[in-house]
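**Student:** One structure coming up, written as structure tokens, with questions to follow.
The values are calculated or read from the model by the stated rules, or taken from the named source; none is laboratory data. Computed from a prediction, not measured in an experiment: that's the story for all the values here. Using ideal geometry, Cβ is built from the backbone for each residue, glycine included, and neighbour counts are taken over all protein chains shown.
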Amino acid sequence: MPTTPEFESTLRGAALRVTRPRVAVLTAVHANPHADTDSIIGLVRADIGEVSRQAVYDVLHALTAAGLLRRFEPMGSVARYETRTGDSHHHLVCQSCGAIVDVDGAVGDTGCLTPTGNSGYLVDETEVVYRGRCRGCVAATAGTPAG
């Protein structure tokens, strides 16, 4: 995990002022990928003490706008944040327990990721969310240990 000085350098590299809330949010999201806003607020408060909800929302917005965080919102879920940015990865979401894991984007023939017709759009990124059940939930349903 990056250290506080590394997060400070990351903020400066993005032309953002270094503040305790910004460092705390980066630390929280890095340590807890796919965390929701309420979880991040709790982690930040545990780290640096009292901070307003609005301050954390403002930091999340600034870090996302600067490309330091990625915000995604799986259908039926609140917004989630992660520090893995700059690639075309996707997510697997367990519909039983809510676990979320990263999945690398498709390589090679990606016909389903290319819009058909003459839309006139230049596609910058795609977002794919796979839904199903994780191994642990499948095993629990089947009555066998996960493995």
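**Student:** Restricted to the range 106-147, and to residues that are in contact with a helix residue (DSSP H, G or I) (Cβ under 8 Å, 6 or more places away or on another chain) and among the small types (Gly, Ala, Ser), which residue is modelled with the highest pLDDT?
**Tutor:** Ala106
**Student:** Here is a follow-up. Just one of Thr37, Thr27, Thr10 is outside the structural domain of Gly132 (by TED's automatic domain parsing), among the β-branched types (Val, Ile, Thr) and either within 24 Å of Asp104 (Cβ to Cβ) or loosely packed, with under 13 Cβ neighbours inside 10 Å (or both); which is it?
**Tutor:** Sole residue among the options that is outside the structural domain of Gly132 (by TED's automatic domain parsing), among the β-branched types (Val, Ile, Thr) and either within 24 Å of Asp104 (Cβ to Cβ) or loosely packed, with under 13 Cβ neighbours inside 10 Å (or both): Thr10.
**Student:** What number goes with the only condition from (1) touching a Gly at 6+ places or on another chain (Cβ under 9 Å); (2) in a loop (DSSP other than H, G, I, E, B) that Leu92 does not pass?
**Tutor:** Looking at each condition in turn, Leu92 falls short on (2).
**Student:** Here is a follow-up. On the given criteria, is Ile100 within 25 Å of Thr27 (Cα to Cα), in contact with a strand residue (DSSP E or B) (Cβ under 8 Å, 6 or more places away or on another chain), surrounded by 15 or more Cβ atoms within 10 Å (Cβ to Cβ) and not assigned by TED's automatic domain parsing to the domain that holds Leu16?
**Tutor:** Taking the combined requirement at face value, the residue satisfies it.
**Student:** Within the bounds of the range 61-72, is there any residue that is among the polar types (S, T, N, Q) and outside the structural domain of Gly132 (by TED's automatic domain parsing)?
**Tutor:** yes
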